[in-house]
1. Cβ-Cβ below 8 Å, separation at least six or inter-chain, first residue in the range 64-89 and on the phi < 0 side of the Ramachandran plot, second surrounded by 10 or more Cβ atoms within 10 Å (Cβ to Cβ) and at pLDDT 95 or above: which pairs?
2. Condition check: of a type outside the set (Asp, Glu), loosely packed, with under 10 Cβ neighbours inside 10 Å and assigned to a helix (DSSP H, G or I). Does TRP85 satisfy that?
Amino acid sequence: MSDERDTRAEDGDDTAAATRPSGKRTARRARTSDAPADTGSVATLDRSSSRKADKTAGKATSGNPFKRLLRFLREVIAELRKVIWPNRKQMVTYTTVVLVFVVFMVAFIFGLDTAFIKGVDWLFG
């Protein structure tokens, strides 16, 4: 491994780090545009995403409110289809864990409350 680094340093080949993909956004930008992929600078990504947000913000407030509501509901349904719903066994397990935890916490708080009441009664008499 160190030999590999030494030969790269001797050759002056620093392009390996620059060509390595740095994330999904960079790869997506490279596929959609003819320009070379960005090196992943945060400032460039933030500017482009803020411009897109500005354009979509103007569209969200204009138009028929019923169309916007229908679009919203369609998007909600699309997102709900992506959800991985638990099966019956998982649901029973999760519910049991939550109920046991709630019973434990109620008992714990009840115990602390009782101890503080007895302590205050003993102290002030």
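The values are calculated or read from the model by the stated rules, or taken from the named source; none is laboratory data. As the structure is a prediction and not an experimental result, all values here were calculated from the model. Ideal geometry is used to build each Cβ from the backbone, glycine not excepted, and the neighbour counts take in all protein chains shown.
1. Matching pairs, first to second residue: PRO86/TYR94.
2. On the way: of a type outside the set (Asp, Glu): yes; loosely packed, with under 10 Cβ neighbours inside 10 Å: yes; assigned to a helix (DSSP H, G or I): no.
Considered against the rule, which asks whether it is of a type outside the set (Asp, Glu), loosely packed, with under 10 Cβ neighbours inside 10 Å and assigned to a helix (DSSP H, G or I), TRP85 comes out as no.
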